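Q: Handing you a structure now.
The values are calculated or read from the model by the stated rules, or taken from the named source; none is laboratory data. Treat the numbers as computed from the prediction; the structure is a model and nothing was measured. Every residue, glycine among them, receives a Cβ derived from its backbone with ideal geometry; neighbour counts consider all protein chains shown. What goes into the accessible areas is simple: the full protein's heavy atoms, side chains included, and nothing from ligands, DNA or RNA. Shrake-Rupley method; radii C 1.70, N 1.55, O 1.52, S 1.80 Å.
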Amino acid sequence: MTGEREQGRGGGGTARAEVAGDACIESLQRWRAEALAAVEEASDEAALERIRVRYLGRREGRVSGVLRRMGSLAPADRPRVGAAANRVRKELAAALKRGLARIASAASSTGHPPDLTLPPRQRWRGTVHPVSRAIDDIWKIFRSLGFVRVRGPEVETEWYNFVALNTPLDHPAADEQDTLFLDPGPHPRGAASPGLLLRSHTSPVQIRTMERHEPPIRIIAPGMVYRRDTYDATHTPAFAQIEGLVVDEGVTFVDFKATLAEFARRFWGPGTQIRFRPSFFPFTEPSAEVDVKRAIVREDGREEETDWIEIMGAGMVDPAVLDNVGYDSERYTGWAFGMGPGRVAMLRHGVRDLRLFYENDMRFLGQFR
Ligand code: PHE
């Protein structure tokens with residue numbers, strides 16, 4: 001200490017700064033003594049932690065405060081005050097560590113052996129939501145088939161959600177009964193209005209992608225969609241969809257069917273069959289609803305087939321849609337699908353009520369860890 005003091009003087013500090021430097025060192029010595037005594041007396045971890053915060057805490061700690069305020073000392077005082085503060089800091093840290101060890105060993109030698117029959121403390125452990133997991137697993141298969149993953153906005157315009165998809169605004173799907181419009185008051189149908197709405201499907205991402213990129217296109221677009229549906233076991237006003245779109249020269253219905261069959265077998269297993277039922281969507285021609293039937297092995301080892309379960313709407317992209325984005329519909333063809341990952345997750349986990357996936361009740365979601 002003496003040596004440092006002399007060094008400080010030798011460094012040419014002013015009288016006032018010397019006093020400040022000396023005062024600092026005196027305070028440090030006082031805090032050191034106080035803190036060491038407090039550590040001796042501390043009887044639990046919390047008390048030690050309070051001591052640590054009080055003296056060594058980053059923001060309010062007294063000793064750390066000296067180091068923080070170094071800049072206000074005369075330059076010549078800084079080395080000795082800094083060294084003293086660091087020494088006190090190290091000493092206190094070591095004492096706290098010893099204090100912790102002392103308390104831990106005291107706790108284990110109180111004479112009460114630990115009660116091994118006590119239930120463990122419950123800890124919150126997060127997990128991936130089952131619908132997100134279905135999306136990720138579906139995505140991985142398509143990624144390996146050369147698709148890229150994209151996304152689009154949930155607030156859309158009538159153009160992207162309907163018109164560009166060959167769905168006139170007087171089509172039932174565009175009706176206010178099904179779609180959540182964002183415009184206040186009666187929904188304006190004028191051409192000048194952008195007609196904002198919550199997208200009712202992920203198909204607008206088809207348009208947004210094709211507007212920006214030339215073929216070949218191979219995309220997967222997962223996301224939330226919104227509908228004014230009655231809330232029941234298979235309908236929720238917000239739910240996830242996954243859009244798929246392929247556009248290139250020479251793409252045929254055979255590619256379409258083969259790709260979906262390959263997907264289904266990779267996702268549900270080699271025994272999975274798929275079936276196309278004729279359907280209608282304004283933006284595909286022909287359109288289909290795709291069902292899967294799984295082969296499952298029962299507990300007694302016997303093989304069993306599930307019922308046909310609908311997993312998606314799909315079809316060959318209507319040439320009018322290609323025209324709407326400025327593609328040459330004589331040259332390019334494509335196919336698209338819209339899959340329900342909530343549906344897929346229900347199937348996978350044997351959950352019978354879709355609402356459970358979107359209510360986020362931790363008692364339910366916690367079972368998917
Ligand atoms: N967008 C349709 C729906 O939500 C599904 C679909 C997507 C159908 C792509 C055909 C092609 O029901």
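Q: Checking the structure you have, find out if any residue of segment 53-68 is surrounded by 11 or more Cβ atoms within 10 Å (Cβ to Cβ), among the polar types (S, T, N, Q) and modelled with pLDDT of 90 or more.
A: no
Q: Between Thr234, Thr230, Thr306, which is open to solvent by 50 Å² or more (accessible area, probe 1.4 Å), closer than 22 Å to Ile138 by Cα and among the hydroxyl-bearing types (Ser, Thr, Tyr)?
A: Thr234 is the lone residue from the list that is open to solvent by 50 Å² or more (accessible area, probe 1.4 Å), closer than 22 Å to Ile138 by Cα and among the hydroxyl-bearing types (Ser, Thr, Tyr).
Q: So is Gly244 more than 28 Å from Arg331 (Cα to Cα), at pLDDT 95 or above and either assigned to a strand (DSSP E or B) or in contact with an Asp or Glu (Cβ under 8 Å, 6 or more places away or on another chain) (or both) or not?
A: no
Q: Quick one: which helices (runs of 4 or more DSSP H) sit completely within segment 264-369 and have at least 2 residues that are within 16 Å of the ligand (Cβ to nearest atom)?
A: In segment 264-369, the matching helices (runs of 4 or more DSSP H) lie at 319-324, 341-349.
Q: Further, regarding this structure: Taking the condition open to solvent by 20 Å² or more (accessible area, probe 1.4 Å), touching a residue at least 12 places away in the same chain (Cβ under 8 Å), basic (Lys, Arg) and within 21 Å of Pro216 (Cα to Cα), does Arg294 pass?
A: Details: open to solvent by 20 Å² or more (accessible area, probe 1.4 Å): yes; touching a residue at least 12 places away in the same chain (Cβ under 8 Å): yes; basic (Lys, Arg): yes; within 21 Å of Pro216 (Cα to Cα): no.
No, not satisfied.
Q: Then there is this: Any residue that is among the small types (Gly, Ala, Ser), in the same structural domain as Ala240 (by TED's automatic domain parsing) and closer than 21 Å to Pro172 by Cα - is there at least one of those in segment 295-307?
A: no
Residues checked against (1) of a type in the set (Asp, Glu); (2) in contact (Cβ under 8 Å) with a residue 60 or more places away in the chain:
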position	(1), (2)
Glu211	yes, yes
Arg218	no, yes
Met224	no, yes
Arg227	no, no
Ala233	no, yes
Ile242	no, yes
Val246	no, yes
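Q: Which one is surrounded by the most Cβ atoms within 10 Å (Cβ to Cβ), of the residues in segment 249-283 that are under 17 Å from Arg218 (Cβ atoms) and hydroxyl-bearing (Ser, Thr, Tyr)?
A: Thr259
Q: Give segment 325-369 a look and list any residue that's within 23 Å of His235 (Cα to Cα) and open to solvent by 80 Å² or more (accessible area, probe 1.4 Å), or say none.
A: Passing the criteria: Arg343, Arg348, Arg352, Glu359, Asn360, Met362, Arg363, Gln367.
Q: Restricting the search to segment 225-263, which residues are closer than 27 Å to Arg294 by Cα, aliphatic (A, V, I, L, M) and within 13 Å of the ligand (Cβ to nearest atom)?
A: Scanning segment 225-263 gives Ala240, Ile242, Leu245, Val246, Leu260.
Table: residues versus (1) away from the ligand (no atom under 16 Å from the Cβ); (2) outside any loop (DSSP other than H, G, I, E, B).
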position	(1), (2)
Leu96	yes, yes
Ser105	yes, yes
Trp124	yes, no
Ile138	no, yes
Tyr160	no, yes
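Q: Going through Arg87, Arg125 one at a time, which residue ends up being more than 30 Å from Arg343 (Cα to Cα) and of a type in the set (Lys, Arg)?
A: On the way: Arg125 fails: more than 30 Å from Arg343 (Cα to Cα).
Sole residue among the options that is more than 30 Å from Arg343 (Cα to Cα) and of a type in the set (Lys, Arg): Arg87.
Q: Taking segment 79-97 on its own, how many of its residues are among the charged types (D, E, K, R), open to solvent by 20 Å² or more (accessible area, probe 1.4 Å) and in contact (Cβ under 8 Å) with a residue 40 or more places away in the chain?
A: Total meeting the criteria: 1.
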